[in-house]
Structure formats: C-alpha cells, structure tokens
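**Q** Pasting a structure here, questions to come.
The values are calculated or read from the model by the stated rules, or taken from the named source; none is laboratory data. All figures in this text were calculated on a predicted structure; none of them were measured in a lab. Cβ sites come from the backbone with ideal geometry, for glycine too, and all protein chains shown count toward neighbours.
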Amino acid sequence: MEISTILIIASVLLLIIFYKFTFRVFLGIVIVPEDKIGLVTKKFVLFGSKKALPDGRILALEGEAGFQAQTLAPGIYFAKWFWQYEITMEALTIIPEGKIGLFVAKDGNELPTGHILARKIECDSFQSAVMFLQNGGCKGRQAAFITAGTYRINTFLFDVIVVDMTIIQENMVGIVTTLDGQPIEEGSIAGRQVPEHNNFQDVGSFLVNGGNKGLQPQVILAGSYYLNPWFVQVEQIKMTEIPIGHVGVVISYVGNEGKDLSGAEFKHGNIVTKGEKGVWAEPFGPGKYPVNTYIMRVELVPTTNLVLNWASARSESHQLDKNLSTITVRSKDGFPFNLDVSQIIHIPTTEAPKVIARFGNMNNLVSQVLEPTIGNYFRNSAQDSDVIAFLGTRKERQESAKMHIGRVLEQYNVNGVDTLIGDIVPPESLMKTLTDRKLAEEQNVTYETQKKAEQTRQTLEKETAIADMQKEVVKSDQGVWIAQRVADAAVKKAEGEATSVKIQATAEAERVKVISGADAERTKLIANADAEKIKALANAEAQKIEVEGRAEAEKILAIGKSNAESYKLSVEAMGGDNFTKLKVTEVIGTQGVKIIPEVLITGSAGDGSNGAISGLLGMQLLEDVMEKKRKETKETIKE
C-alpha cells in the first residue's frame, strides 16, 4: 500500500475523531443527514422546574428528561452536548406504492370506552409528535393512516406497520363490516347509510358523522382502496347477475318502513318503493348489480315461458321441477296407472314482485301451488273414468286440464299457458289385454284390407282381361268390318265378273247354240254356275266355292249332255259297233291303254267272231275312261 493512501485514511480517521471529540464534545454540534431524522433523548435537566415526565407519559413535551417528542430534521444543530443529549439517527419512513402505513401510538390519552381506534388528530400525517400529543391524540391503534410517500416519523412515539391496499377485483363487490363506530340500532341488521367517507377510506368522517360499527349497507366496487384493516373488514363476492329472460325481485331487510303499494286486495306481503324495507315494486332487469347479499336478497323470476315436468326421468335446466315426479292415479275401475304431465306457465314482469311477496321464491310457488293443483286435478279426473276411456279421451282431458289449471293459477298472479299430457302407462296386465285386443282388431283390419285388396286385384285382372279382350274384340270387329268390306268388294267384283261372265256366257251360249245346241246349253249352265258363284261370294268364301263347284258340275253336266247328244248322233250316223271301235281306238291312243293284257283270257262264240268279248272289253274301257274323266272333273272343282 502506498504512503499517500495511508495518509488519506489516517486523515479521515482523524477528522472523525476530531468531529466526535471536538464538534460534539466541545462545541455540541450535531449534523443530521438528508435521509435521516434525529431522535433526541434527554438524559437529565440542568435548569427548570420540570425534571420528570408526568405519570403515564413516555415522551417529553416541555423539556423533561426522557424521549423527546420534538425530533431533529436534517440540518446542523448546536448545544446538543453528548453528556446531556443522545441523538439517534433514524431512517426516514418510506411507504411504497400500493401500500399504506398504519400507526400504533405508544403515548397519548387513553382511548374512550367502546373505541378500538384512536380518532384522527391533526399532526402533519403523524410527522409531528408534539402536535399529536398536544391535540389530544390517544395511544393505541390509530384510525388514520398514511399513503405512499416518505415521512419523518418519531419512532419513539409511533410504530409503523406497512400493509397492502385493498383491491376489489372485476365483477366483484366488496361487503364492508366496520370494527368501530356507534352500535347498530336495535331491530336493524346493518348500520345506517353515512355520507362523505369516500368508500370508508376517510375513517374520521365516517366516525364523526355517526357511522355504526358492524355490517354496512353500502358496498364498494371494483378498484383499489386505502382501507384501514383495523377499521374495516372487506369480503368480496360476485356481483348479482340477472340473466336474459329473467327479472330480479329485490327483498330488502333494511331501510325505512315504506307504504304498501300492493293494494287492499293483496294480503300476502308488502310491496314497497326502492330503498325501503320489503319487496321492491320495481324489479331488476337483466344485467349485473352490486348487491349486498347480507342485507337484501334477489329472487330470479323467469319472464319467458317456463316448462315444468311431472316426469321422473326428465327435468329442465332451471331445476325448479327436480323434485317433481310422474303422477300416479287410480281409475274408476280400480287400476293404478302413471302419467307424465308438462305445465307451461308465464309470470309477467309486473306480477313478479307479487309472486315473490306471496311465496318467497319460485320453488315455493312450484311446491305450494303447482304440484298439488296439477296432481290433484289428474287424480280426480282419473277417478271419473276407466283406464280405456281415459286413454281414449286424452285430447279432451288435456284441454280441460289447461282451462282448469289456468283459472287456478290466475289467483296467484301466474298465467297458465298450456297443460300437456305426456306418456300414459297403464297396468301391464291391462296393457297386455289391450294389446291383444288391438292386435286382433288390427289383424281383422289387415284381413279385411287383404280381402278388399284381393277383390280389387280380381276386379283389376277382370278389367284388364276385358280391356285385353276388348282389343281383340275391336280387332275382330275391325277384321269383320274389313272382311265385310273385302267381301263386299269381292261381291261387287264377283257381280262385275258375273255380269261379264254372263255376257260372255250369253255370247258363248249364242255361239254354242249356233254351233251346237249342246254348246248353247253348256253356256247356259256356265252362266247359271257363275251366277251362283257370285251369290256364294257375297255370303262367304265357302259358299263361293260351293257355287263355283255347282257351276262347274252344271258345266260338266251340260258338257256331258252335249257329248251324249253328240254320241247319240254319231251312233245313229255310224252305227253302234263302228262308234264303239272308234272310241276304243281313241282311248287306246290318247290314254296309253294296254291292248295286250298280261293275262289274256279268250273264248270263242263258235261262229268264229269275238262279239261278246269284244263288246265287254269295249264297255270296260269306256267305263275306265269315264271314271278317270270324272276324277279329273272333281279335282278341277276342288281347285
């Protein structure tokens, strides 16, 4: 270490020693720094009559020996000899942001009986102990306090306790209970309203204005407050929320006795003006309200349609029907059965205070009015009917229940909107009987339906068949008509042909007549046959064929007769044997007749001639030729 450094340190030490022993001892000089306060203790008194403190006091006001009320602010002081005064350098009192400083006085007057806090005294925020004691400050806990800042506090007189500010959270409300003040009036559960105390932050104003200790009607809202915890206790509760579709009927337990607004006819409670004790005539609408729930109660009353279920397995979200169950009734014929019922009610906003004044809350309305009214109605209704009839007249009974229950509810300031009957559960044995009967009836209906369906099917098939046949009939009719037209045309054609044939036949007949009488007759027969043929075509094709055959037959006959006449003339002209030989020769030549038989039988007449055999042979050949000719004629006719 260098010599210069040693010299500096030594110089400082010498100065301190010089200050202590020179300034303090010989000159009595005291220097109080800026961040300190000098607390003075006087060891003894050299001059003056008051040498000792009064009984019960610990701080001196008039120069007595002991702790001095007067402090030394930052600066230079003289004549504070060390053998007579002890100066204690105390740090300044600092209250941080968000904090408050509470005080306990060690000296002062005694607290009056019944007080737990000393009243506020003008003493420069507890920085002047002299003013505190001279102005009558009391010892003990002080009602006043200091907020954030730096203070010169005489700690010989005061103990300072730093605590947090009171913070009320959002959507919360602070319920205040004061610990000091006048007693609450008899018959009241809370103190009276006191103005101008700045949300209980000005304790002095509250106490001076006659504030009561105990529960306070006034609440404090969300925010930060300088509240003395020795004076007030704050409980935070949620704000009262009135949901949409409801109103809040206020029942106040504090306030002045007001005039009943419900009228002479309403004898079930007092309806009073807002702020008075009783049920307020004006309910709260939907929203949030800072309600002190210790001095008033808000009953929610739904103003929309409210459904209540008498059903064991079903309950609405409002839970007003959670204690309601399925109604058990007994029918006229002695069968017990269960039924579910739903009741829809509506409470007008203007009637909500009367409902609460009468019943206290909605649960009481349900249990005291709705439950017995609806249960008894259906029990009485079931006793007048058997189970089957009850089931069959459900709609009518539902309408009757709606009217009856509506009239009853009107007496209680409630509107009955509708009454609905839900499930009806008859006894199982009766249900089996009814089910069997119904099944039989349904089967009968099914059979009847099937029967009608079968009949309908048969009718349909019949009509379908008739329709199908009708097509054939129409087709046949058209065919007949067409055939008729064809036949008519054929007749016309045949008539034309007949006329033509007749003319031709007549001409031919004349020609044949000129040529030969046989030909004339033949022509006549042909004409007659053609006429018959035309007649047959008019009636039917078969008759036409018949006419043609007959005509052909007549023609053949005429030809035959003509041939016969021709043969007769030939025979007369040529002789019988010669004509026979001529014809046999023609047949043999034209027909290819064997003249030499495979078996020849001969005989002799004895005269050297073959007359008899030749004659027989000729006749046989003639018959064969005629038979063949007849066959050809028949085939021609058939064609």
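**Q** Let me confirm something: among Glu170, Glu265, Glu196, which residue is acidic (Asp, Glu) and within 42 Å of the chain's Cα centre (by Cα)?
**A** Residue meeting the stated conditions: Glu170.
**Q** Scan the stretch 256-290 for residues that are surrounded by 13 or more Cβ atoms within 10 Å (Cβ to Cβ) and modelled with pLDDT under 85 and jot them down.
**A** If the condition is that a residue be surrounded by 13 or more Cβ atoms within 10 Å (Cβ to Cβ) and modelled with pLDDT under 85, then Gly258, Asp260, Leu261, Ser262, Phe266, His268, Gly269, Asn270 are the ones that fit.
**Q** Restricting to the stretch 397-418, count the residues that are more than 26 Å from the chain's Cα centre (by Cα), of a type outside the set (S, T, N, Q) and closer than 18 Å to Thr350 by Cα.
**A** Total satisfying the criteria: 4.
**Q** So which residues in the stretch 338-396 are among the basic types (Lys, Arg) and within 29 Å of the chain's Cα centre (by Cα)?
**A** Arg394, Lys395 - these are the residues of the stretch 338-396 that are among the basic types (Lys, Arg) and within 29 Å of the chain's Cα centre (by Cα).
**Q** Still on this structure, please answer the following. Checking Glu442 against (1) at pLDDT 85 or above; (2) out of contact with any helix residue (DSSP H, G or I) (no Cβ under 9 Å at 6 or more places or on another chain), only one condition comes out false. Which one?
**A** Of (1) at pLDDT 85 or above; (2) out of contact with any helix residue (DSSP H, G or I) (no Cβ under 9 Å at 6 or more places or on another chain), only one is false for Glu442: (1).
**Q** Restrict the check to the stretch 201-220 and report whether at least one residue is within 49 Å of the chain's Cα centre (by Cα), assigned by TED's automatic domain parsing to the domain that holds Ile189 and part of a loop (DSSP other than H, G, I, E, B).
**A** Looking through the stretch 201-220, none of the residues is within 49 Å of the chain's Cα centre (by Cα), assigned by TED's automatic domain parsing to the domain that holds Ile189 and part of a loop (DSSP other than H, G, I, E, B).
**Q** Now for a different question. Test Ile237 against the stated conditions and say whether it is under 30 Å from Ile175 (Cβ atoms), among the aliphatic types (A, V, I, L, M) and part of a strand (DSSP E or B).
**A** Taking the combined requirement at face value, the residue satisfies it.
**Q** So, one more: Given the options Phe78, Phe126, name the one that is among the aromatic types (Phe, Trp, Tyr), assigned by TED's automatic domain parsing to the domain that holds Gly28 and under 18 Å from Gly38 (Cβ atoms).
**A** Just one listed residue meets the conditions, Phe78.
**Q** Quick check: is even one residue across the stretch 301-308 in a loop (DSSP other than H, G, I, E, B), more than 21 Å from Gly416 (Cβ to Cβ) and either in the same structural domain as Ile374 (by TED's automatic domain parsing) or within 22 Å of the chain's Cα centre (by Cα) (or both)?
**A** no
**Q** Among the residues of the stretch 168-178, write down those that are surrounded by 15 or more Cβ atoms within 10 Å (Cβ to Cβ) and over 21 Å from Met296 (Cα atoms).
**A** Residues satisfying the conditions do not exist here.
**Q** Could you grab the pairs with beta carbons closer than 6 Å, sequence gap of 6+ or different chains, first residue in the stretch 299-324 and more than 24 Å from Thr349 (Cβ to Cβ), second one assigned to a loop (DSSP other than H, G, I, E, B) and among the charged types (D, E, K, R)?
**A** Asn309/Asp321; Ser315/Asp321; Ser315/Lys322
**Q** Further question: Checking the structure you have, find out if any residue of the stretch 91-101 is under 17 Å from Val32 (Cα atoms) and either surrounded by fewer than 19 Cβ atoms within 10 Å (Cβ to Cβ) or among the aromatic types (Phe, Trp, Tyr) (or both).
**A** Yes, the conditions are met somewhere in the stretch 91-101.
Residue-by-condition table, conditions (1) under 22 Å from Phe145 (Cα atoms); (2) of a type in the set (S, T, N, Q); (3) assigned to a strand (DSSP E or B); (4) free of Cβ contacts under 8 Å to residues at least 40 places away in the same chain:
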position	(1), (2), (3), (4)
Thr41	no, yes, yes, no
Phe67	no, no, yes, no
Ile76	no, no, yes, no
Trp81	no, no, no, no
Thr88	no, yes, yes, no
Glu97	yes, no, no, no
Phe103	yes, no, yes, no
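**Q** Might you let me know whether the stretch 129-139 holds any residue that is assigned to a strand (DSSP E or B) and touching a strand residue (DSSP E or B) at 6+ places or on another chain (Cβ under 6 Å)?
**A** yes
**Q** Only residues that are closer than 21 Å to Glu428 by Cβ, surrounded by 15 or more Cβ atoms within 10 Å (Cβ to Cβ) and not aliphatic (A, V, I, L, M): list them for the stretch 314-347, please.
**A** Ser325, Thr326, Ser331, Phe335, Phe337, Asn338, Asp340
**Q** Identify the single condition in (1) more than 23 Å from Leu308 (Cβ to Cβ); (2) not in a helix (DSSP H, G or I) that Leu434 does not satisfy, given that it satisfies every other one.
**A** So the condition that Leu434 fails would be (2).
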